[in-house]
1. Can you compute the modelled spin-label distance between GLN50 and THR68, with each label point 7 Å from Cα toward Cβ, in nm?
2. Roughly how many nanometres apart are two label points built 7 Å out from the Cα toward the Cβ at LYS168 and ASP186?
3. Taking the chain as the reference, fit the longest principal axis to its C-alpha atoms, fit the long axis of helix 2-27 to the helix C-alpha atoms, and give the angle between the two in degrees, 0 to 90, nearest 10.
4. So between LYS115 and GLN193, what do we pick up on full extension, going 0.36 nm a residue minus the alpha carbon distance?
5. Can you work out the FRET efficiency for the pair ASN205 and LYS26, with r the C-beta to C-beta distance and R0 = 45 Å, to the nearest 0.05?
6. Grab the Cα-Cα distance for LYS107 and ILE39, subtract it from 0.36 nm times how many residues apart they are, and report the gain in nm with one decimal.
7. Which FRET efficiency value, to the nearest 0.05, do you get for GLU129 and GLU228 by plugging their Cβ-Cβ distance into 1/(1 + (r/R0)^6) with R0 = 51 Å?
8. Remind me, relative contact order of the chain in percent, using alpha carbon pairs under 8 angstrom and six or more residues apart?
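Coordinate-derived values only; no laboratory data. Since this is a predicted model, take the numbers as computed values, not measurements. Here Cβ is always computed from backbone atoms with ideal geometry, including for glycine, and neighbour counts include all displayed protein chains.
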Amino acid sequence: MRLQTLSLAIGALLTVCLTGCEKKDKEAISMDDVNKGIITVPGKDGKEYQVVDLGIGVYFATCNIGATSPEQPGLMFAWGELQPKEYYRWTNYAWNKENEPSADLTKYATRDSTKLEKADDAAAFIMGEDWAIPREADFKKLFTKKNCTSKYCKLNGEGGFLFTSVVKGYEGNSVFFPLSGKIDGDDYKFFKQYGWFWCNSLYTNPENQKLDLKSGSTMRIQHTDGVENHTIEGMQRSQGIPIRPVYKGEI
């Protein structure tokens, strides 16, 4: 009887484990899923980088700046700054009055200056002149159903969103964006829940068309409590957020 009870207990445990593994496997993807449509392009100082051709006229890099694999967060940047740093506050933001604890902006502070100059584009600075921080319009092409499908999944154990082309001739080519969170001060927040990726412009609220001089536009992805979505959202310019660069040169 004891052996029978033990056998039943082990069987139940195995069932739970296998069920959990099956659930995990349903969300997991492999590197093979993100290695289609890859093109190697030149960068600064003879370096080479990889982009994916989704057939939408925008060539997204396969990784964030500073990452070596798509699921890695890479480096964090304040909007319009060229280098990562130890902490991200208004007091040390490049385009704010020195040591000012709130926003007292010195550049990109009017309606006449809402898009990053090339000199303030970290992608161009780090990777070469043919690289750039994406426009809002570049990210919105990923959201368009005639261009791509999207789904939450895990690559090498890290959650994120996979955008897969449905454009004829490019079907199956995909790009992965991780839930890499952000840095506020020196606090790493919302890792594995949200992902933000800088756009090259200040944020304008689409409901009232009000320009927010304190916020840069981002693509935001979310996977929290059963909520899965992606949108354009404003984030405080001084916060640390990743950059997924795009290639503007000839392919």
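1. Using points 7 Å along Cα→Cβ, the separation is 1.3 nm.
2. Between LYS168 and ASP186, the simple spin-label model gives 5.7 nm.
3. Roughly 30 degrees between the two axes.
4. Fully extending the segment from LYS115 to GLN193 adds 25.3 nm.
5. Once rounded, the FRET efficiency stands at 0.75.
6. Extending this stretch completely gives an extra 20.9 nm.
7. In this case the efficiency is close to 0.90.
8. On the way: 552 pairs, mean separation 57.1, N = 251.
The value is 23 percent.
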